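**Student:** Quick one: the structure is below, and I'll ask about it shortly.
Just so it is clear, none of the values below were taken in a lab; they were calculated from the coordinates. For clarity, every value in this text was computed on a predicted model and none was experimentally measured. No Cβ is skipped: glycine too gets one built from the backbone with ideal geometry, and neighbour counts run over all protein chains shown.
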Amino acid sequence: MFEKLSIPVGPSACAQATTAKEAAYRIDYPFSAARNTRVVALDPEAEAIVRMAADGQWGEARFYSTTDPGDRLVTMDGQDVALTDEISESNTLIMVSVSGANAAAVSHIGRACYDLGIMTAGLAMTPDQLNSEALQHLRPYARVLLVPAEPDDLIELLLATRA
């Protein structure tokens, strides 16, 4: 009544991908270099989180704190540097806030990044608070905003951006 059909079974897609014919379509250049990420703590509570992240092994990432009005940054070693000098060669800037202090600094840094075409991210480290000063200050200036963020989110964001 029913005839058995014999369907030829070829190599699987995985096996085909390893053939010389398919190898001709592979991209043959290395991954791009690490991003020149800058991480800025906007308040003393955020500085503790940024310091912990700064202890990791990062390619081109640099870590700072700031206060109002935000035109100066302080390295984790305590050096005072100009904002524009530090971000001019950057392609990513992450702002970290816990208390929502230093609203003028957020605005100044956000506008400087906008003018230079630097991608910005904000981490509002406000557990269980979806409406906080940190969030209100970061929202207009962060293209990517993590709310409510945890300290581990900074590490994950740095890894995701190849810092």
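**Student:** May I ask you to compute the full-extension gain from VAL81 to SER107, defined as 0.36 nm times their residue separation minus their alpha-carbon distance, rounded to one decimal in nm?
**Tutor:** Length gained, VAL81 through SER107: 7.6 nm.
**Student:** Counting other Cβ atoms within 10 Å, which trypsin sites (Lys or Arg not before Pro) in region 108-162 have at most 16 and lie in a DSSP loop?
**Tutor:** Answer in residue order: ARG143, ARG162.
**Student:** Could you tell me whether region 97-163 comes out rounded, prolate or oblate from its Cα gyration tensor? Rule is a ≥ b ≥ c as square roots of the eigenvalues, rounded for a/c under 1.5, then prolate if a/b exceeds b/c, otherwise oblate.
**Tutor:** oblate
**Student:** What FRET efficiency comes out for the pair ASN131/ILE27, r = Cβ-Cβ distance, R0 = 41 Å, nearest 0.05?
**Tutor:** Details: r = 45 Å, r/R0 = 1.09.
Calculated transfer efficiency: 0.35.
**Student:** Expressed in nm to one decimal, what extension gain is obtained for the pair ALA160 and ALA20 from 0.36 nm per residue of sequence separation less their Cα-Cα distance?
**Tutor:** My answer for the length gained is 47.2 nm.
**Student:** Next question, about the same structure. Full extension from LEU116 to ASP71: what is 0.36 nm times the residue separation minus their Cα-Cα distance, to one decimal in nm? Walk me through the intermediate numbers first.
**Tutor:** Values: separation 45, 0.36 × 45 = 16.20 nm, distance 1.47 nm.
Stretched out fully, the LEU116 to ASP71 stretch lengthens by 14.7 nm.
**Student:** Dipole size in debye (nearest 20) for region 33-160 around its Cα centre, Lys and Arg Cβ +1, Asp and Glu Cβ -1?
**Tutor:** Details: 8 positive and 19 negative charges, 77 e Å.
Magnitude of the dipole: close to 360 debye.
**Student:** Can you pull out the chymotrypsin sites (Phe, Trp or Tyr not before Pro) in region 23-92 that DSSP calls coil and that have at most 15 other Cβ atoms within 10 Å?
**Tutor:** The qualifying sites are TYR25, PHE31.
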